Amino acid sequence: MIDSDLLNSIAQHVNSRVDKVVINGSFVITDFVVKAVTDNVMALNYIVPAAEVSLITMIELKDMSNKVLTSRPVNVPVVADLMMLQTITVKEV
């Protein structure tokens, strides 16, 4: 069993590495409504403006050097400004 403090520390480390969200390879978000860790879960809340993005097909989390940390293909239409919640859960498997 992995100690919960260690899981939290790893989630905190991941949180510190995430610098931006990149939508569809070009729209960059660096202002987060929430970017926090609770227990072993990192949560990002951010707004995707409908005026800039009409359909989300790829979401990437990148670090300060623009290295992709995570990527996920999606299909999310954006008809109004959209509040996104993205989480990363650190757990023992």
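All of the numbers you see were taken from the coordinates with simple rules; none came from a lab. Here the structure is a predicted model, which means the values were calculated and not measured. Note that we place each Cβ from the backbone using ideal geometry, even for glycine, and neighbour counts take in every protein chain shown.
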query: So which residues in the range 26-59 are out of contact with any Leu (no Cβ under 8 Å at 6 or more places or on another chain) and either among the polar types (S, T, N, Q) or within 18 Å of VAL90 (Cα to Cα) (or both), if there are any at all?
result: SER26, THR30, ALA36, VAL37, THR38, VAL41, MET42, SER54, THR57
query: Does at least one position in the range 34-47 carry a residue that is of a type in the set (Val, Ile, Thr) and assigned to a loop (DSSP other than H, G, I, E, B)?
result: no
query: When both residues are 6+ apart or on different chains and their Cβ atoms are under 6 Å apart, which pairs have a first residue that lies in the range 55-80 and is within 11 Å of LYS20 (Cβ to Cβ) and in contact (Cβ under 8 Å) with a residue 24 or more places away in the chain, and a second that is basic (Lys, Arg) and not in a strand (DSSP E or B)?
result: ASP63/ARG17
Filtered residues of the range 42-67 (kept if surrounded by fewer than 16 Cβ atoms within 10 Å (Cβ to Cβ) and closer than 21 Å to SER9 by Cα): ASN45, ASP63, MET64
message: I'd like to know if the range 39-56 contains one or more residues that are among the aromatic types (Phe, Trp, Tyr), farther than 25 Å from ASP5 by Cα and over 11 Å from the mean Cα position of the chain (by Cα).
response: no
- line: Those residues of the range 70-89 which are assigned to a strand (DSSP E or B), of a type in the set (Val, Ile, Thr) and more than 19 Å from ALA11 (Cα to Cα) amount to VAL74, VAL76
